[in-house]
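Just below is one structure, and these are the notes that go with it.
Throughout, read-outs are computed from the coordinates displayed, never taken from laboratory work. As the structure is a computational prediction, the values presented were derived from the model and not from experiment. So basically every Cβ, Gly included, is an ideal-geometry build from the backbone, and we count neighbours across all protein chains shown.
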Amino acid sequence: MVSAYYSNTTHIDFASVLAMENPGMVSVFNALMASGLEGFLGCPAVIYESELVDFFNNGSVRDVLVVSTVNGVPVEISEQLFAETFELPVNGLADLSEMPKDKTFDARSIVSLSGEPVSLSGMKGQMKIEYRLLCDIMAKSISVKAGSFNALTVEKFSLLTAVVCGIRMNWASILFNILKKMVTAGSKQAKGFAIQISLLLENIPNLELGESSEFPAFKILTEKTVHRFVSLNDKVGAEEAAGAPKPKAASKKRPAADVGAPVAKKKRTMRKKSSSSKDNLEIVAVAQEAVPIQMIEPLTVAPTAEDISDQPASETDGVKAVAADVDATAEKIDEQVAEPSADVETSVGESFEPALEVPDEETRPSSADDIRQSGPRPEARLLHQPALEGLTRSTRTDSPRKTDRSKSDQLAAAAVEAGGGGGF
């Protein structure tokens with residue numbers, strides 16, 4: 001855009017600013033006039049936007065001339081034409097690097113707000129308000145450097161020193177060299193001098209220019225705009241003064257440990273897992289599956305469940321009751337053996353239900369010794385084993401209280417010996 005060529009440009013209306021009642025500001029503008037820059041900074045403010053675009057797009061440096069083509073017409077600008085147009089001085093220092101060092105040191109104290117020499121690598125807030133404005137004028141309209149205008153550089157301060165200390169400068173050579181850098185391809189020099197180039201194009205023969213545009217009024221320094229600049233920058237400059245202490249940023253470094261101070265030991269805390277805590281464990285009752293007791297139908301000769309349920313609960317009484325039942329069964333077996341008959345043998349052979357009826361007229365042997373001496377009896381061998389085994393199982397299974405199996409087996413064995421004699 002064309003506005004980029006004059007976005008940072010500052011122009012001066014000398015008639016307006018010299019009428020100000022601010023002695024500091026008036027002295028600065030008088031110094032500018034005395035240096036020979038009045039014609040360059042206070043020329044008529046006109047802008048030819050389209051012609052500026054052609055000039056920079058087609059511009060170059062040939063020999064010692066700045067050449068370009070504008071609206072098809074060749075344009076040549078020499079240093080002499082440049083100096084005559086703006087009435088610039090052609091005598092004096094042509095290189096800012098030749099600035100006397102004593103003058104630079106004096107200027108550092110003159111412009112200082114605190115009285116101490118300003119730092120050339122600091123900010124312009126170190127200077128008085130009128131010299132801050134002068135620094136902006138020299139940076140934006142003379143050197144035309146891109147970047148921050150608040151920071152001081154050696155080049156900016158050299159330009160300021162030339163005006164403040166009244167050093168004779170060859171402004172024609174200095175400003176024309178800056179113009180040559182603007183049209184040089186690959187140069188880092190920012191493009192500017194929009195008002196001055198537009199005024200030069202008006203003096204080119206046979207060049208027809210288009211309509212001019214008005215330069216923005218807020219970019220022209222008048223009494224009003226200078227007061228506005230002062231009000232905006234006065235407070236900022238006071239805060240940025242060299243003597244004003246600035247709060248230091250908190251250091252992120254860890255403070256050094258005191259060697260002599262006692263070191264508190266840190267207690268190690270153990271975190272227990274909630275899943276392994278004993279307090280969270282709950283006792284859960286588990287119902288066991290009940291195993292039913294196997295019921296075996298007893299023999300008729302054995303005591304029934306009703307008879308057994310009536311027996312005493314103690315272990316000694318139960319053993320005695322079993323012994324009595326065994327003796328009774330043995331007596332019945334002996335009676336059957338005493339009268340071997342076909343009916344008894346048949347009933348035993350067919351079934352093991354020993355429902356035996358003993359006749360009244362039969363007499364029972366007097367003792368067990370008589371039975372042992374009565375000779376071999378195969379019928380007794382058939383009856384002893386089933387009867388006694390059924391009796392023993394019935395007693396073990398149907399008893400309401402568990403008895404000692406070893407004791408009952410001993411009693412059963414004794415009964416067998418008493419009733420049937422040695423083995424089966």
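Would you mind calculating the gained length between V53 and A4 on full extension (0.36 nm times residue separation, minus the Cα-Cα distance), in nm to one decimal?
16.6 nm
How much length would be gained if the chain were fully extended between N203 and M20, taking 0.36 nm per residue of separation minus their Cα-Cα distance, in nm to one decimal?
Contour length minus the Cα-Cα distance gives 62.5 nm.
State the extension gain, in nm to one decimal, for the chain segment bounded by A217 and N71, taking 0.36 nm per residue of separation less the distance between their alpha-carbons.
49.8 nm
Non-local amide H neighbours of A190 (under 5 Å, H modeled in plane, Pro and chain starts lacking H): which ones?
A146
Can you list residues from other chains, or at least 5 along the same chain, whose modelled amide H is less than 5 Å from the amide H of V70?
So V70 has HN proximity to V75.
So what is Rg over Rh here for segment 3-108, counting just Cα atoms and using Kirkwood for Rh?
Rounded to two decimals, Rg over Rh is 1.04.
Would you kindly derive the ³J(HN,Hα) couplings of segment 197-213 from the backbone phi angles with the Karplus curve 6.51 cos²θ - 1.76 cosθ + 1.60 (θ = phi - 60°), listing them in order in whole Hz, with x for Gly and Pro?
5, 4, 5, 5, 5, 5, 9, 7, x, 6, 9, 8, 9, x, 6, 8, 10
Which links in K124/K224; K156/K224; K140/K191; K128/K156; K191/K219 stretch past 20 Å when you go from one Cα to the other?
Values: K124/K224 22 Å; K156/K224 26 Å; K140/K191 11 Å; K128/K156 16 Å; K191/K219 17 Å.
Pairs exceeding 20 Å: K124/K224; K156/K224.
For L93, what residues show an amide H to amide H distance below 5 Å, using hydrogens built from the backbone and excluding near sequence neighbours?
M169, N170
Could you rank the peptides 136-143, 31-38, 171-178, 208-215 by their average count of other C-beta atoms within 10 Å per residue, with the highest value first?
Ranked from most to least packed, the peptides come out as 136-143, 171-178, 31-38, 208-215.
Taking 7 Å along the Cα-to-C-beta vector as the label spot, tell me the A146-N30 distance in nanometres, rounded to one decimal.
Taking the simple label geometry, A146 and N30 are separated by 4.0 nm.
Run the simple label-point estimate for V46 and L81 please: 7 Å along Cα→C-beta, distance reported in nm.
Result: 1.6 nm between the two label points.
Above 24 Å lies some portion of the pair distances; for segment 109-204, what is it as a whole percent of all C-alpha pairs?
On the way: 1314 of 4560 pairs.
Summing the P(r) of segment 109-204 above 24 Å gives 29 percent of all pairs.
Quick one: pull the percentage of alpha-carbon pairs in segment 2-239 with a separation above 35 Å.
So the pairs more than 35 Å apart make up 13 percent of the total in segment 2-239.
When Lys and Arg each count +1 and Asp and Glu each count -1, what net charge do the other residues less than 14 Å away from G72, Cβ to Cβ, add up to?
Numbers: positive: none; negative: E51, D54, E208.
Overall, the nearby charge balance is -3.
Could you check the spin-label model distance between F105 and D63? Points 7 Å from the Cα along Cα→Cβ, value in nm.
Those two pseudo-labels are separated by 4.6 nm.
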